[in-house]
Structures are given as structure tokens and as C-alpha cells.
Amino acid sequence: MQSDFDAVIIGGGACGLMCAVQAGYLGKRTLILEKNNQVGAKILISGGGRCNYTNLYTTDQNFISNNPHFSKSALSQWTVEDSISFFETYGIIGQEKTLGQLFPESNKAKDIVNIFIDLCEQLEQEITLNADVKSVLQITDGFEINYELNGKLIKITSPKVVMASGGLPISKMGATDFSLKIAKQFGLKIHQTAPALVPLTITGKEEAWYASLSGNSMKAIVSNDEISFEENILFTHWGLSGPAILQISSYWKPGTQIEIDLLPHQNIIELIESERNTNGKKMLSNFLNQFYTKKFMDAIAAFIPISKNLASLTKEDIIAIENFIHHFKVKPAGDKGYDKAEVMRGGIDTNELSSKTLEAKKTGGLYFGGECVDVTGWLGGYNFQWAWACGFVIAQNI
């Protein structure tokens, strides 16, 4: 059937919802086709159900892409200030937690989603839930969209289609590669996808050692040849997690090492020397207790001589201590996969899209936004800022 919508938006996540609302402001009518029984499923679980909806310090430098300049246009058209102002207009006051991360004062992600649901209703933007889109086909005056609803196949046409169905992480939330399939169908190049912002696993002979430390969390600097992050790390039964690990995972490649400084901004050798001058009889274990838990101390006994007193530490001991504390090497076996990943890296090649409009260069009227595009943000609200920006930009152009 011929629709009376200016665009059909496939996916009712952050990008799709913002696109519908911004289109509504411009007097355009859209239809969101959402596969789940509610919109904003990923928004609702983000930040432990609190939703870290933007980051005060967002720049294009906080994103990974084969074309690092691509995100600049969208992020300049819809800025962090625009996000803050938008949500404040509808009663969401942000509070900064750590490193520029902004959460609603209510700490309720559902408050964010409810704004979009209410606005879609006010602006007469239609939302169809449990709509499983089967195909998007190009026709003379736009597109034919076929979707299944309550066991019935429904066919509609629309002059414009917005692909905002996300990426592969968290399949139980309805995540699929549908946007990538449509992109391929229309001849768009795809960069290799992989889980990002994901815990890293350790297997083999070291596995038991990491498992023995499960639950231990500490501030650290985690780095590789490309970048470093300073936040908490968390030892787990399977390996390593925590914010710093999730961050570095987006830059980690199988077979490579990461290095962890377990005592950032302090020099363990200088600290030992200083203590040794006044209290040489102190055991190394007692000295290190001020920095680490007993569980951690028990685990590191296999690597450094914690039962020696400071005065009797040899030069070799000192080197071993420095290497372990400041240059702890980890070679992960893999990662926990899409079900534990926050986002997907890779995706639709940005060269296939206009950076100003997010329209496919080869297919007029077809737009891609959010996670399916080869733009992956750091942990901490950056991916939401990208999604809001994509939604805004696409709405201006449909």
C-alpha cells in the first residue's frame, strides 16, 4: 500500500527515535518499524539502567573509524550542547559522573525513552512494535518495505528509508545485522565487524590465576601501541573487564598484547627506596598492602618476592617488581563476543555515505545512521551522542 509517510525508519533505538522526533519538528511524518515489543531497548539497559546519554568532552577523536574525519560533520551539526538542551527542555537534568559522562539526575533510562515516546505521539510520528522487516526494495518512486506483524505480511512504500537498526551486540535485545544486509544488497562496502567495548578472555595455564582474583578491581592505565586508558580494571573468572579493559578492547587485535600499569602516577621503585631507608625490616607484603587487597597479594606471590623484607631485595627483585607493577603484560585469548559487547566496530564504509546527510551515495533516499556505520565511540556516552547526531542529520534531509 502507498504510505503517507515522508520516510520509514527501520529501528526504534536512539538514532531512529531522534530521527522521528526531529523530522516531526520539521512537519515531516515518519513511521518507525521496531522489531521488539518496545522502543529504546538498548537505551533502557545502558549504564546499568541509568543511561549515560552523552559525554561533555565529545570530539571526533573519541571515535574509531577507517575514516577518522567522517564523524566531524554530524557531530558539528548536533553538538553535546544540543543534546543537553534537548533533554533539559523535556525535564532531564544531567549530572556528570566520571570523565564527562552525563546521566539523568533520576538515574532512570526509562525517562529518556519516555520523552521520545511522548514526543512521537505529540508530533504524530507513528511507531509499530513487533514489526519484523523482511525486505527493502527499490522501486520507481522510492522503496517497498515488507514486514511481518502478528503473522501477517504487510507491504508499504515510502519515498525515503532510514536504516537505524543498530549492530550485532546483545542479540537477546533483538540485535541483528539487518542494516548491513540491506547495505550489501544495495552494493555498499562493509568493513569487517567485531565486538567492541567488550571484556577480554584468558585461557590456558593462566586462566586459574585470573579466576583466583575474580572480583578484584583497581585503578590502572591500560595501553597498547596505539592508545592508553586510565580507569578501573576488574579481574573476572574468564579474564579481565572493567572500563579501562572495555575501552582498550576496541583497539585490541587477536594475537596482540596489552600492558597494564597497576600503580598509575607512582613509581614503585622510588616508594620502596624511600621506605627502605627508614624501615628496611618491613616485609614487601606489608609495604604493598597499602595499595592492594590481600587476595591480590596472595596471587602476586608467584611473581615477586613478597615474603622478603625491603632491605634484602636484590637488583633482580627490584626489576621483577617494577615489571610486574608497571608493565604487567597480558595476551588475551579472545573476547566475550557480541552478547557481552556494548557496541560493534566496523560496519558500513563511510565512503559510501555523504558525511553531511548520511545518505547512500549510490542510492538516493536511503540513509544509514548509528551503530551500523563504521564509526565506533569510546565507552562513556559517546555512542549515544553519535546516534543522536545521526538522527538529527538524517531528519534534516529526508
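Please indicate, with yes or no, whether at least one residue in the stretch 183-204 is among the polar types (S, T, N, Q), farther than 25 Å from Gly167 by Cα and in a strand (DSSP E or B). No - not one qualifying residue is present in the stretch 183-204.
Can you find a residue that is surrounded by fewer than 22 Cβ atoms within 10 Å (Cβ to Cβ) and closer than 18 Å to Glu342 by Cα anywhere in the stretch 17-29? No, the conditions are met nowhere in the stretch 17-29. Only one of the listed residues (Lys219, Lys189) is on the phi < 0 side of the Ramachandran plot and either outside the structural domain of Gly239 (by TED's automatic domain parsing) or free of Cβ contacts under 8 Å to residues at least 24 places away in the same chain (or both). That residue is Lys189.
Could you tell me which of the residues Gln95, Gln101 is free of Cβ contacts under 8 Å to residues at least 24 places away in the same chain, out of contact with any Pro (no Cβ under 6 Å at 6 or more places or on another chain) and among the polar types (S, T, N, Q)?
On the way: Gln101 fails: free of Cβ contacts under 8 Å to residues at least 24 places away in the same chain.
None of the others qualify; the one that does is Gln95.
Does the stretch 162-175 include one or more residues that are in a strand (DSSP E or B), under 23 Å from Ala41 (Cα atoms) and in contact with a strand residue (DSSP E or B) (Cβ under 6 Å, 6 or more places away or on another chain)? Reasoning before the result, please.
Residues of the stretch 162-175 in a strand (DSSP E or B): 162-163.
Add one more test, that the residue is under 23 Å from Ala41 (Cα atoms), and what stays is 162-163.
Next cut, in contact with a strand residue (DSSP E or B) (Cβ under 6 Å, 6 or more places away or on another chain) only: 162-163.
Looking through the stretch 162-175, at least one residue is in a strand (DSSP E or B), under 23 Å from Ala41 (Cα atoms) and in contact with a strand residue (DSSP E or B) (Cβ under 6 Å, 6 or more places away or on another chain).
Note on the stretch 123-134: among residues that are out of contact with any Gly (no Cβ under 7 Å at 6 or more places or on another chain) and surrounded by 14 or more Cβ atoms within 10 Å (Cβ to Cβ), the one that is nearest to Asn52 (Cα to Cα) is Leu129.
Inspect the stretch 115-122 for any residue being surrounded by 22 or more Cβ atoms within 10 Å (Cβ to Cβ) and outside any strand (DSSP E or B) and give the result as yes or no. Yes: one or more hits. For the stretch 160-181, a residue qualifies if it is modelled with pLDDT of 95 or more and either outside the structural domain of Gly370 (by TED's automatic domain parsing) or more than 18 Å from Val375 (Cα to Cα) (or both), and the qualifying residues are Lys160, Val161.
Does at least one position in the stretch 117-129 carry a residue that is among the β-branched types (Val, Ile, Thr) and more than 19 Å from Ile10 (Cβ to Cβ)? Within the stretch 117-129, not a single residue is among the β-branched types (Val, Ile, Thr) and more than 19 Å from Ile10 (Cβ to Cβ).
For the stretch 29-50, the criterion of being in contact with a Ser or Thr (Cβ under 8 Å, 6 or more places away or on another chain), in a loop (DSSP other than H, G, I, E, B) and closer than 22 Å to Cys120 by Cα is met by at least one residue. Among the residues of the stretch 11-18, is any in the same structural domain as Gly94 (by TED's automatic domain parsing), farther than 11 Å from Gln125 by Cβ, touching a residue at least 60 places away in the same chain (Cβ under 8 Å) and part of a strand (DSSP E or B)? No, the conditions are met nowhere in the stretch 11-18. Of the residues examined, Lys35 is one that is charged (D, E, K, R), in contact with a Phe, Trp or Tyr (Cβ under 9 Å, 6 or more places away or on another chain) and closer than 30 Å to Lys134 by Cβ.
Tallying residues that are within 20 Å of Tyr251 (Cα to Cα) and in contact with a Lys or Arg (Cβ under 7 Å, 6 or more places away or on another chain) within the stretch 56-89 yields 2.
Only residues that are of a type outside the set (Gly, Ala, Ser), without any contact (Cβ under 8 Å) to a residue 60 or more places away in the chain, surrounded by 13 or more Cβ atoms within 10 Å (Cβ to Cβ) and in a helix (DSSP H, G or I) were counted in the stretch 313-340, giving 5.
Residue-wise test of (1) β-branched (Val, Ile, Thr); (2) modelled with pLDDT of 95 or more; (3) touching a helix residue (DSSP H, G or I) at 6+ places or on another chain (Cβ under 8 Å).
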position: Ala23; (1), (2), (3): no, yes, yes
position: Lys28; (1), (2), (3): no, yes, yes
position: Leu33; (1), (2), (3): no, yes, no
position: Ala41; (1), (2), (3): no, no, yes
position: Gly48; (1), (2), (3): no, no, no
position: Cys51; (1), (2), (3): no, no, yes
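Taking the listed residues Lys42, Lys28, Lys97, the one that is within 18 Å of the chain's Cα centre (by Cα), closer than 24 Å to Ile145 by Cβ and not aliphatic (A, V, I, L, M) is Lys42, with no other qualifying.
Limited to the stretch 57-68, what total is found for residues that are in a loop (DSSP other than H, G, I, E, B) and touching a residue at least 24 places away in the same chain (Cβ under 8 Å)?
Step one: of the stretch 57-68, the residues in a loop (DSSP other than H, G, I, E, B) are 57-59, 65-68.
Now restrict to residues that are touching a residue at least 24 places away in the same chain (Cβ under 8 Å): 57-58, 65-67.
So the answer is 5.
The values are calculated or read from the model by the stated rules, or taken from the named source; none is laboratory data. Quick caveat, the model's predicted, so the values are computed rather than measured. Every residue, glycine among them, receives a Cβ derived from its backbone with ideal geometry; neighbour counts consider all protein chains shown.
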